[in-house]
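Student: Okay, handing you the structure first.
The values are calculated or read from the model by the stated rules, or taken from the named source; none is laboratory data. Given the structure is predicted, the values throughout are model-derived calculations rather than measurements. Cβ sites come from the backbone with ideal geometry, for glycine too, and all protein chains shown count toward neighbours.
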Amino acid sequence: MHKIIFILFVISGLITINAFAQELRGYSSLPNDVERLTTFLSKIEPQHYHRINKVLAEKHVLPRYEIFTMQSSKMDEVAQKFCLRPTQEGLSELRESFHMAADSWAGIQHIQFGPIDEKLRLNRIYFWPDKHNTGSKHLGRLLKSKDKSLLEQERFTLISVALQGFPALERLLFSQSKALFSGNEDAIFRCLLIPAITGNLRKIAESVLLEWKEENEGFLKVTTTTGAPFYSGENEIFQDFLTSLYVNLRTIHNLKLRRPLGETPEKSRPKRSEAWRSERSLNNIVLNLEAAQKLFQGEGGYGMDDFIKMLHPETNITDDFNTYL
């Protein structure tokens, strides 16, 4: 029943966003939809965009990256401690820390522009979906090689992105956790690999946050300064936020629900679900939807819904979307 509710919710959310776009344009879907919507948005006064962009960047994006950085750092500390002396109790603590960090990532995963879009950071943090089982293949090769030099920070950032983030860590801590206690060379190497991954995640999180907050050239300044440097206009920044909302819902619908569930129960493929090894599949969807809600409604007393009503007072789209959320 929960799965059906989520499917209906996500579909309704997508329909709502598409309907809003069509209301703004005043016509049905055409091949040049995006171009016409861009033209419409470009005619809105810059000061209106400045306000919504500033609120979303300062109240929604930045605090979530701060939480992700904090939780990644905590997870790295726990991983370092665990690998000094692996115990079942320590594994439980590390798994809990993994869940906290994964929760924080699910809350900011929808923002796919800015510093996170550079240096393959998105894939390095979360290589999924893995349609060709790349992570399993590459992890197997690395474990077989036991090449400790590859775990050094500078070299680790250059290995397969499928090994650098949460999916590889999930395999080590959940489906393959027994191997951590075998006491042989394989167990020792696995315990070196775990903090290599957590340290990498911490470094990426810290770098992304720093690049948002840098005083002179930070991306926060880019998104909140009149004139929008590096963008052709402030409307483009808002389009990035709107795209983040749309892509979030589209990803939930296409990849996190439809792909594993299939067209019929007989065609379902549970192991296509996101994070199935750690039993996080449904939780990730809930957190993604909560993030969509916060992005749309705003977290500083002003959100996309207010912005849309200002542009289009007679629309019912915002009320409908808030009802679904």
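Student: Filter the range 220-234 for residues that are modelled with pLDDT of 90 or more and under 20 Å from ILE44 (Cα atoms); which is nearest to the chain's Cα centre (by Cα)?
Tutor: THR223
Student: Further question on the same structure: Pick from the range 235-288 the residues that are of a type in the set (Phe, Trp, Tyr) and part of a helix (DSSP H, G or I): which of them is modelled with the highest pLDDT?
Tutor: PHE241
Student: Right, next: Looking at the range 75-89, which of its residues are surrounded by 15 or more Cβ atoms within 10 Å (Cβ to Cβ) and modelled with pLDDT under 95?
Tutor: Listed by number, the list holds a single entry, CYS83.
Student: Also, quick follow-up: Report the residue count in the range 99-119 for those that are part of a loop (DSSP other than H, G, I, E, B) and within 20 Å of ARG171 (Cβ to Cβ).
Tutor: 1
Student: Within the range 276-305, work out how many residues are within 13 Å of the chain's Cα centre (by Cα) and more than 30 Å from ILE52 (Cα to Cα).
Tutor: Selection size over the range 276-305: 0.
Student: Quick check, is SER145 more than 27 Å from GLU211 (Cβ to Cβ) and either under 13 Å from the mean Cα position of the chain (by Cα) or surrounded by fewer than 19 Cβ atoms within 10 Å (Cβ to Cβ) (or both)? Lay out the reasoning, then the answer.
Tutor: On the way: more than 27 Å from GLU211 (Cβ to Cβ): yes; either under 13 Å from the mean Cα position of the chain (by Cα) or surrounded by fewer than 19 Cβ atoms within 10 Å (Cβ to Cβ) (or both): yes.
Judged against the criteria, SER145 is a match.
Student: What are the residues in the range 291-312 that are in contact with a His (Cβ under 9 Å, 6 or more places away or on another chain) and not in a helix (DSSP H, G or I), if any? Working first, answer last.
Tutor: In the first step, residues of the range 291-312 are kept if they are in contact with a His (Cβ under 9 Å, 6 or more places away or on another chain); the result is 291-292, 294-295, 298-300, 303, 307, 310-311.
GLY298, GLU299, GLY300, GLY303 - these are the residues of the range 291-312 that are in contact with a His (Cβ under 9 Å, 6 or more places away or on another chain) and not in a helix (DSSP H, G or I).
Student: Being under 30 Å from ILE237 (Cα atoms), touching an Asp or Glu at 6+ places or on another chain (Cβ under 6 Å) and either part of a helix (DSSP H, G or I) or in contact (Cβ under 8 Å) with a residue 40 or more places away in the chain (or both) is the requirement here; does PRO129 meet it?
Tutor: It is false that PRO129 is under 30 Å from ILE237 (Cα atoms), touching an Asp or Glu at 6+ places or on another chain (Cβ under 6 Å) and either part of a helix (DSSP H, G or I) or in contact (Cβ under 8 Å) with a residue 40 or more places away in the chain (or both).
Student: Quickly run through the range 196-226 and pick out the residues that are surrounded by fewer than 13 Cβ atoms within 10 Å (Cβ to Cβ) and in contact (Cβ under 8 Å) with a residue 12 or more places away in the chain.
Tutor: Passing the criteria: only THR226.
Student: Consider SER92 carefully, then state whether it is buried (at least 22 other Cβ atoms within 10 Å of the Cβ) and not aliphatic (A, V, I, L, M).
Tutor: No; evaluated as a whole, the condition is false for this residue.
Student: I'd like the full set of residues that are of a type in the set (Gly, Ala, Ser) and within 30 Å of THR223 (Cβ to Cβ), limited to the range 239-274.
Tutor: Within the range 239-274, SER244 is the sole residue that qualifies.
Student: Which one is surrounded by the most Cβ atoms within 10 Å (Cβ to Cβ) among residues in the range 98-126 that are under 22 Å from SER273 (Cβ atoms) and free of Cβ contacts under 8 Å to residues at least 60 places away in the same chain?
Tutor: The extreme case among them is SER104.
Student: Another one. From the list TYR65, TYR49, which one is under 13 Å from the mean Cα position of the chain (by Cα), touching a residue at least 40 places away in the same chain (Cβ under 8 Å) and crowded, with 16+ Cβ neighbours inside 10 Å?
Tutor: TYR65
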